[in-house]
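Data first, discussion second: the structure below is written as structure tokens.
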Amino acid sequence: MTDENGARSKRKGPRLTMRRAALLPGRYGVSQRKLLASLEGMVSILKKHGVVGTFPVTAIVLDRHPKLVAALDGMEVAIHGLRHINLRKVDGRRQEEMMKEAVGVLVSHGLRPQGFRAPYLAWNEAMRDAVAKAGLHYDSSVPARWKCGDEIDDNAILRTSLEFYGARSSGNHLPTVHGSIVVLPVAIPDDEIMIDRLRISSSDILGNAMLHMFRTAMAEGGHLVLQLHPERFAFFRGALDDLLGRARDEGAWIVPLRDVAAWWLKRNESGPRWPDGALCALTISGDLDAVTLPDFLLRRLGR
């Protein structure tokens, strides 16, 4: 959807924006019921495999829908902005104020956020400074291109989508340290690109794409950060279940972003890349920036 100035929708194009708007009633309702059911289903699969996922949540949405706290019990909850806006359009001082306010909201609900992901993955250095000054330890806003196999990689629409996120070439698949902040790149294409833009509805195709990315992570010793939004759970449910089973069997280190950040800060560069002999790290993450259809109206009103 758009930020407060509509810039992101213009870059997406009117057709995509209208198509995505038409999809919203199938994923959200006037009440919280639809989204909470999808979220609980996703969390259930993670817990089935003994996995803690990372869910960046927009603070004002969490405050409006405190039932999210119970639904996310046992998961890591990170910050996805105070409001879901493009932070590149906000000056540094205001970013710092908003970041600290967002931390305060989550703390008021009994949560201890340790990291951040920018709305629209629209990051800049001022945002990273605000993350550090708010006492957070990591940022997961930088998009990194991952190959998904010829069935998806050769799609012409994908190239446009990658340009939208600034991830045209294969990116860095490892964490990096910037001052006190660990930067944990997030994999592109994500479910939004594959399902909404490329119109992939087959669980088998989605599963093959996720498995291809995982195989690359195993071969490279990389960190695969999948972004799977809970509102699309019906599409990727089977693919996620299968991937986690395979990753667990093959000895991947499957942990939330906070654990990767902590490990990367303390690891000895001459020692193993990942703990316990793991060949790669895998994180399942899912952004939450709306729970009901009225949330989108309130977003347009700047609330």
Notebook entry, point to check: Any idea which residue in the range 202-252 is surrounded by the fewest Cβ atoms within 10 Å (Cβ to Cβ), counting only those that are among the polar types (S, T, N, Q) and under 24 Å from residue 117 (Cα atoms)?
Noted result: 216
Check: Of the residues 106, 24, 87, 16, which is on the phi < 0 side of the Ramachandran plot and modelled with pLDDT of 95 or more?
Finding: 106
Item checked: Selection from the range 235-260 of residues that are of a type outside the set (D, E, K, R), assigned to a helix (DSSP H, G or I), in contact (Cβ under 8 Å) with a residue 60 or more places away in the chain and touching an Asp or Glu at 6+ places or on another chain (Cβ under 9 Å) -> 257
Next item on the list: From the list 232, 215, pick out the single residue that is over 20 Å from residue 52 (Cβ atoms) and either β-branched (Val, Ile, Thr) or touching a helix residue (DSSP H, G or I) at 6+ places or on another chain (Cβ under 8 Å) (or both).
Entry: 232
Next item on the list: Search the range 152-167 for residues being farther than 17 Å from residue 185 by Cβ and among the polar types (S, T, N, Q), and hand back the single one that is modelled with the highest pLDDT.
Entry: 155
Item checked: Members of the range 132-166 that are closer than 21 Å to residue 209 by Cα and hydrophobic (A, V, I, L, M, F, W, C) -> 142, 144, 146, 148, 152, 156, 157, 158, 162, 164
Next item on the list: Output the number of residues of the range 70-99 satisfying the condition of being basic (Lys, Arg), surrounded by 15 or more Cβ atoms within 10 Å (Cβ to Cβ) and not in a loop (DSSP other than H, G, I, E, B).
Entry: 1
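Here's the yes/no breakdown for (1) closer than 23 Å to residue 31 by Cβ; (2) touching a residue at least 40 places away in the same chain (Cβ under 8 Å):
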{"site": "67", "(1), (2)": "yes, no"}
{"site": "84", "(1), (2)": "yes, yes"}
{"site": "92", "(1), (2)": "no, no"}
{"site": "101", "(1), (2)": "no, yes"}
{"site": "110", "(1), (2)": "no, yes"}
{"site": "117", "(1), (2)": "no, yes"}
Item checked: Residues of the range 265-289 that turn out to be surrounded by fewer than 21 Cβ atoms within 10 Å (Cβ to Cβ), of a type in the set (S, T, N, Q) and under 24 Å from the mean Cα position of the chain (by Cα), as a count -> 0
Check: Any residue in the range 282-297 that is of a type in the set (S, T, N, Q) and either part of a loop (DSSP other than H, G, I, E, B) or more than 27 Å from residue 69 (Cβ to Cβ) (or both)?
Finding: no
Next item on the list: Those residues that are over 27 Å from residue 195 (Cβ atoms) and within 18 Å of the chain's Cα centre (by Cα), I need them from the range 128-165; list them, please.
Entry: 128, 131, 136, 137
Item checked: Single residue of the range 266-281 satisfying the filter (part of a helix (DSSP H, G or I) and at pLDDT below 95) that is farthest from residue 217 (Cα to Cα) -> 266
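The values are calculated or read from the model by the stated rules, or taken from the named source; none is laboratory data. Bear in mind the structure is a predicted one, so any value in this text is a computation, not a measurement. We place every Cβ from the backbone using ideal geometry, glycine too, and count neighbours over all the protein chains shown.
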